Structure formats: structure tokens, C-alpha cells
Ligand SMILES: [Zn+2]
């Protein structure tokens with residue numbers, strides 16, 4: 001698992017996730033990584049996993065507002081309430097995972 005980061009425009013500081021080619025605020029092309037290891041849950045959705053990966057099993061996805069600013073979609077280990085504080089990590093598969101602090 002890697003540290004979760006978002007991308008800040010080097011010219012104006014606008015923060016984006018995922019990374020963009022151009023800053024939507026100023027058109028800048030240079031971005032720097034900003035730590036986004038913490039956030040708070042805004043919304044949680046339960047998904048039924050597809051057949052073959054465990055009948056009746058649920059997967060949980062959360063919209064998380066990172067402390068750095070941008071919102072991200074993260075996988076949860078189980079249901080959390082809106083407002084829950086979470087730590088964010090980036091998996092080797094590119095998925096963002098959130099765990100309650
Ligand atoms: Zn900018």
C-alpha cells in the first residue's frame with residue numbers, strides 16, 4: 001500500500017484528483033503531490049458482488065472528502081457512517097482504500 005496523494009498545481013495551488021494534463025483553474029502544466037492520507041466520509045454505497053466471488057457478499061464504496069480538498073471514491077472494509085474520519089491508502093491495484101481512524 002502506498003501513501004495517498006492528490007495533485008496540486010505548482011502555479012496556483014488548485015488541487016485535483018485524479019491528475020490532469022492541465023490545471024482547470026489556470027492552465028498550468030506542472031503539479032506537485034500533496035499528502036491526502038486522511039479524510040471524512042460523505043456518502044457510502046453498498047454493492048452486491050458479482051456471482052462467483054461469494055454469494056450475497058457486499059462491497060462498500062465511500063465518497064471521501066480528503067483533508068487536502070478533492071473528493072475520492074474509496075473501498076471500505078465495512079459500512080461507515082457519513083462524517084466518519086478515515087485514513088486513505090493507495091493499493092497496488094490502484095484502488096483507494098479507506099479505514100476508520
Ligand atoms: Zn493552476
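The values are calculated or read from the model by the stated rules, or taken from the named source; none is laboratory data. None of the values given here were measured: they were computed from a predicted structure. A quick note on method: Cβ atoms are made from the backbone with ideal geometry, for glycine too, and the neighbour counts reach across all protein chains shown.
One table, with the values for the structure above:
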read-out	value
Matching entry among 68, 92, 25, 74 (being assigned to a loop (DSSP other than H, G, I, E, B) and surrounded by 14 or more Cβ atoms within 10 Å (Cβ to Cβ))	68
Residue list for the stretch 1-13, filter: more than 20 Å from residue 94 (Cα to Cα) and either touching a strand residue (DSSP E or B) at 6+ places or on another chain (Cβ under 7 Å) or in a strand (DSSP E or B) (or both)	9, 10
Condition check for residue 29: modelled with pLDDT of 95 or more and more than 8 Å from the ligand (Cβ to nearest atom)	yes
For residue 42: the one exception among (1) modelled with pLDDT of 95 or more; (2) exposed (fewer than 14 other Cβ atoms within 10 Å of the Cβ); (3) within 16 Å of the ligand (Cβ to nearest atom)	(3)
